[in-house]
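Enquirer: Before I ask anything, here is the structure I am working with.
No lab work stands behind these numbers, since they all come straight from the coordinates. Quick caveat: nothing in here was measured; it's all calculated off a predicted structure. Cβ sites come from the backbone with ideal geometry, for glycine too, and all protein chains shown count toward neighbours.
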Amino acid sequence: MMHISGLRMFTALSFGLAVYVASAGAPTASKSTYAADTQLDQLIPREKWAGSGLDKLTVSEQQALAGQIAALLGTAQSAGNGAYAGKARSQWRQLQRRMSKDDVRKLLGEPSRVSVSRFYEAWEYFGGTVVFDGKGHVDSWNET
């Protein structure tokens with residue numbers, strides 16, 4: 001997983017917001033929903049929303065911005081050099097069944113998305129997905 005500095009994240013956020021505002025025209029008033037908030041929460045911590053003006057965006061603007069940031073992060077990930085790709089593969093190859101969530105977090109870093117159901121939890125990374133059983137241990141994974 002690629003580490004992105006705070007300055008790069010701010011630059012990507014600013015660029016995405018500028019592109020969205022330039023292409024979308026006048027924003028429309030809309031009520032905030034859990035889905036839009038959750039998408040941005042996964043990308044930018046909520047405590048930083050007020051300082052960057054994210055709390056003033058409409059739901060559709062938040063969704064568009066979250067999509068743009070995710071696309072930028074995906075582009076940066078795919079543009080990574082071969083040395084990084086080799087390192088990522090070696091990290092995935094160290095995964096073992098029954099590892100704890102903390103062990104996976106130490107090995108692969110923070111997931112880009114988390115999906116939770118009654119029976120399992122899946123952590124999605126740009127390099128694959130790790131599935132945990134109901135007790136929080138690695139059940140399976142796939143590398144992309």
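Enquirer: Subtracting the Cα-Cα distance from 0.36 nm times the residue separation, let me have the gained length for LYS135 to SER52 in nm, one decimal.
Expert: Stretched out fully, the LYS135 to SER52 stretch lengthens by 26.1 nm.
Enquirer: Can I ask one more? Nearest 20 debye, what's the magnitude of the dipole of region 90-141 about its Cα centre given +1 on Lys and Arg Cβ and -1 on Asp and Glu Cβ?
Expert: Numbers: 9 positive and 7 negative charges, 21 e Å.
Dipole about the Cα centre, nearest 20: 100 debye.
Enquirer: At 0.36 nm per residue, minus the direct Cα-Cα distance, what do THR144 and PHE119 gain on full extension? Give it in nm, one decimal, please.
Expert: Full-extension gain reported as 6.7 nm.
Enquirer: Now, a different point. Can you run phi through the Karplus equation (6.51, -1.76, 1.60; θ = phi - 60°) for region 96-104 and list ³J(HN,Hα) in whole Hz, with x for Gly and Pro?
Expert: 9, 4, 6, 5, 7, 4, 4, 5, 5
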